[in-house]
1. Among residues belonging to region A:121-139 that are among the acidic types (Asp, Glu) and within 13 Å of chain B (Cβ to nearest Cβ), point out the one that is surrounded by the fewest Cβ atoms within 10 Å (Cβ to Cβ).
2. With the requirement that a residue be near DNA strand C (Cβ under 9 Å from one of its atoms) and of a type in the set (Asp, Glu), what does region A:48-83 give you?
3. Please find, within region B:15-58, the residue that is nearest to the other protein chains (Cβ to nearest Cβ) out of those that are within 11 Å of DNA strand D (Cβ to nearest atom) and polar (S, T, N, Q).
4. Would you be able to say whether some residue in region A:80-95 is touching a strand residue (DSSP E or B) at 6+ places or on another chain (Cβ under 7 Å), within 11 Å of chain B (Cβ to nearest Cβ) and more than 21 Å from residue B:14 (Cα to Cα)?
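Just so you know, all these numbers are worked out from the coordinates, no wet-lab data involved. What you see is a predicted model, and the numbers here were worked out from it, not measured in a lab. Cβ atoms come from the backbone with ideal geometry, glycine included; neighbour counts cover every protein chain shown.
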Number of protein chains: 2
Amino acid sequence: MKKDKKRSECPISCSLDIFGDKWSLLIIRDMMFANKSTYGDFLKSEEKIATNILASRLQSLEENKLIEKLEHPDSKAKVLYRLTQKSIDLLPIIVEIHIWAEKHFDIPADIKAMIKEAKKDKDEFIKTTTRQLKKQITT
Amino acid sequence: MKKDKKRSECPISCSLDIFGDKWSLLIIRDMMFANKSTYGDFLKSEEKIATNILASRLQSLEENKLIEKLEHPDSKAKVLYRLTQKSIDLLPIIVEIHIWAEKHFDIPADIKAMIKEAKKDKDEFIKTTTRQLKKQITT
DNA sequence: ATTTGCACTTGCAATATGCAAGCAAAAATA
DNA sequence: TATTTTTGCTTGCATATTGCAAGTGCAAAT
């Protein structure tokens, strides 16, 4: 994997240089909302990422400090991937994508319910969820 | 250009299927904040998109109803691209990306100032900006 | 009548993605 | 202790996407 050079100083462009692809945010989503934390967990996701792509995305996310690679407490064969403050800060973006998608697509009922909750008091939802996610990185 | 099939029903995945690439949101950005509206305008952007990629992205954005292709009032040689309600609805996402980027990167001072304004009263900023963008599509 | 501007298209090389198989270390099982 | 399974990758190869340079066709300006 090559480190892309920044295309410009634009904040949107710089952000897309990091997570502007079809897979990175899905891995973050899995870590945020589905409590996934291992290579095997991510492989099991509905979208069926290829093994080499997963490996390359994990590496790029780590290089960009969106995830950390740690020893798994259960076993040395496993690797534990963990969110960072930087990736937890992506939550507002991810919430807004949900809200946009809910307006313009058909969304499964359970997720729709969660989005409805989030919309009721966006700031509160983000605060609460952020606090929960932070717990995992401060222990 | 092939129409990708949805990878899953997940709202994040569906959204990324549409704008999860390095260029689509930059075109939207140019239309939202730099008043760009023609093929030539987009080519002039700092990030230097290749001509064929620009053509393919414009086609995909049009297929996904994020932009509309119209006759240019000035000349038949030109084409006017215009935002839709669906793409104007992306504004909250784009604002949150700005805010995230401002926290984690060095950003040019002028853009930083705009982000500061947006953060002061996010809802108001989005409302005002949305109203301005809508003006362009209702006339 | 000729040149310029605009919106693309085409050809081709480089890069990224997708799929299937393989592999080493650790853990579980016999 | 020996064998099998699990886990987290890597490798090889086909296909798709991207990037670059050049070219094309129509409209407008000179």
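1. Only one residue fits best here, namely A:123.
2. Correct list: A:74 only.
3. Of everything passing the filter in region B:15-58, B:24 is nearest to the other protein chains (Cβ to nearest Cβ).
4. Among the residues of region A:80-95, at least one is touching a strand residue (DSSP E or B) at 6+ places or on another chain (Cβ under 7 Å), within 11 Å of chain B (Cβ to nearest Cβ) and more than 21 Å from residue B:14 (Cα to Cα), which makes the answer yes.
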